[in-house]
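Below is one structure, written out as structure tokens; the observations come after it.
The numbers here are math on the coordinates, done by the rules we state, and not lab data. Keep in mind it's a predicted model, so treat the numbers as computed, not measured. Positions of Cβ are backbone-derived with ideal geometry, glycine not excepted, and every protein chain shown enters the neighbour counts.
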Amino acid sequence: MKMKYYLLIFVGLFFSIGQIIAQSVQLSKKGTENMEISILYDNYVCTEGTQADWGFSCVLKVDGQQILFDTGTKPKILMDNINIIGTKLSEIDQVFISHNHHDHTGGLWTVLGEKNKIPVHLPYPADANLKNRTSELGGFPKSKEEPFSLSDHVWSGGTMGKDIREQCVVIHHKKGLIVIAGCSHPGIAEMLEQIKNDFGKEIYAVMGGFHLMRHSNKQVESIIEDFRKMGVKKCGCTHCTGEKQIQQFREAFGEDFIEMGTGRKIII
């Protein structure tokens, strides 16, 4: 009898949590008609004069907001690339950190030295050192486990994973959801599946690091097939994905593959 009682409580809690997540993701009826991504830090070079290095950072321009997604590894390379690309840190409205690895947080303190008094969204639970240092430099650290809104059409996909906790950006575009990932440690296909379920929309494009360097050709083929089943139309993978694995996605998506690299500007 007790077992049945506890089972009912568990089922009730499970559906309650699902309802909370579903209610928290209230997308506007119409997605944004344009967005722009500028890649500041990456393993590969696109624009001559910029430097490649292990790490990732980009700026998202949506809804009149400029959101800095991750901050690369080495502050000097980040700042040199920013100066060449023409991005102005003074115009950044928010910082979004995908996960607490140095190749994504390395330039954060330099950024906050240039522009503070802005929200810095950290994956949940927020790392104490990141949170405290952010506050010391005048930033406003924020951390939330479930999906949350950054602007009218920009959301966090919610913090995912167990060993490495990670969040990604989800943009509600008129063509479908656009997902920006840092390293996809919880698994890129698993993350997309959760986002599709939580947001109730088709995924149009996925960009960023997929962390597939140790995956075999067969495993990557399976992930590409998962993308197809989820309706993903465009893909741009880089950083920790792996060169052979990137080539597989390039061949699979053809004209719908989005080339990445420092200085690259992507407009959708």
Extended-chain gain in nm, criterion 0.36 nm per residue less alpha-carbon gap, Glu48 and Asn34 | 2.4 nm
From the cross-link list Lys162/Lys229; Lys162/Lys244; Lys144/Lys196; Lys175/Lys234; Lys162/Lys201, the entries with a Cα-Cα span beyond 21 Å are Lys162/Lys229; Lys162/Lys244; Lys162/Lys201
Where labels lie 7 Å past Cα in the beta-carbon direction, separation of Glu145 and Arg250 in nm = 4.1 nm
GluC sites (Glu not before Pro) in segment 25-124 lying in a DSSP loop, each with at most 15 other Cβ atoms within 10 Å of its Cβ, come to Glu33, Glu48
Counting only DSSP beta bridges with both residues in the chain, what percent are antiparallel, rounded to the nearest 5?
-> 50 percent
Quick one: which residues, 5 or more positions from Ala181 or on another chain, have an amide H under 5 Å from its amide H? H modelled 1.01 Å from N in the peptide plane, none for Pro or chain starts.
-> Met207, Gly208, Gly209
Rounded to the nearest 0.05, FRET efficiency between Asn116 and Leu27 (Cβ-Cβ, R0 30 Å) equals 0.45
Per-residue [θ]222 nm for the chain (sum of -39500 (n - 2.57) over DSSP H runs n ≥ 4, rounded to 500) = -10000 deg cm²/dmol
Once fully extended, how much extra length lies between Arg228 and Glu136, figured as 0.36 nm per residue of separation less the alpha-carbon to alpha-carbon distance?
-> 28.6 nm
Cα extents of the chain along the three principal axes, largest first (Å) | 69, 46, 37
Gain upon complete extension [Asp152, Glu190; 0.36 nm per residue less C-alpha separation] | 11.2 nm
If each residue's Cβ is checked for other Cβ atoms within 10 Å, how do Ser151, Ser57 rank with the fewest at the top?
-> Ser151, Ser57
